[in-house]
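Q: I am attaching a structure below and will ask some questions about it afterwards.
Each reported figure results from applying straightforward, stated rules to the coordinates on display, with no laboratory input. Quick caveat: nothing in here was measured; it's all calculated off a predicted structure. Note that each Cβ is placed from the backbone with ideal geometry, even for glycine, and that neighbours are counted across all protein chains shown.
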Amino acid sequence: RYNIDIVYQASGAQVNFCNEKTFLSKNEVIKEFTFSVSDDAFDKYMEYAIRHAGMPYSMLQIIGMATAQAFNLKRNPITNSSHSFVCSELVSGILYEIGQFNIDKSQLNLITPKDVYALCEKYAGVNL
């Protein structure tokens, strides 16, 4: 739809957009996954992305994720999902919004980058 590639991320101090060239000048891409999405799924993604742009990055939430894993908790003890994000929560929230992934919304603040990687690997190439 757009003639520019954009990167949507939760890093540094906030959730943000940047163009691919700017992103690549500061980051190294380790792995990419390609999805074919319907116009409806793309619109849901963009609405989610715009709605959450500018939200703060939550360093404390990462501590909560580690605590939850260490003590086998079902909830992140340090979270404020509606007001701050970590990268894996942001991606899993998008996948949840698109509606094609089996993700429990109440668990978004516990999903790790490893979990997101597994989801993306499983569904890469699938039409959404």
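Q: Quick one: in segment 10-41, of everything that is surrounded by 15 or more Cβ atoms within 10 Å (Cβ to Cβ) and in a loop (DSSP other than H, G, I, E, B), which residue is farthest from the chain's Cα centre (by Cα)?
A: Val37
Q: Additional query: May I ask you to verify whether Glu89 is under 12 Å from the mean Cα position of the chain (by Cα), of a type in the set (D, E, K, R) and closer than 29 Å to Val126 by Cβ?
A: Answer is yes for this residue.
Q: Okay, next question. Have a look at Gln9, Gln100 and point out the one that is of a type in the set (S, T, N, Q) and more than 21 Å from Asn127 (Cβ to Cβ).
A: Testing whether each residue is of a type in the set (S, T, N, Q) and more than 21 Å from Asn127 (Cβ to Cβ) leaves just Gln9.
Q: Same structure, new question: Filter segment 10-38 down to the residues that are more than 16 Å from Thr112 (Cβ to Cβ) and either in contact with a helix residue (DSSP H, G or I) (Cβ under 8 Å, 6 or more places away or on another chain) or in contact (Cβ under 8 Å) with a residue 24 or more places away in the chain (or both) and list them by number.
A: Gly12, Ala13, Gln14, Val15, Asn16, Phe17, Phe33, Thr34, Phe35, Ser36, Val37, Ser38
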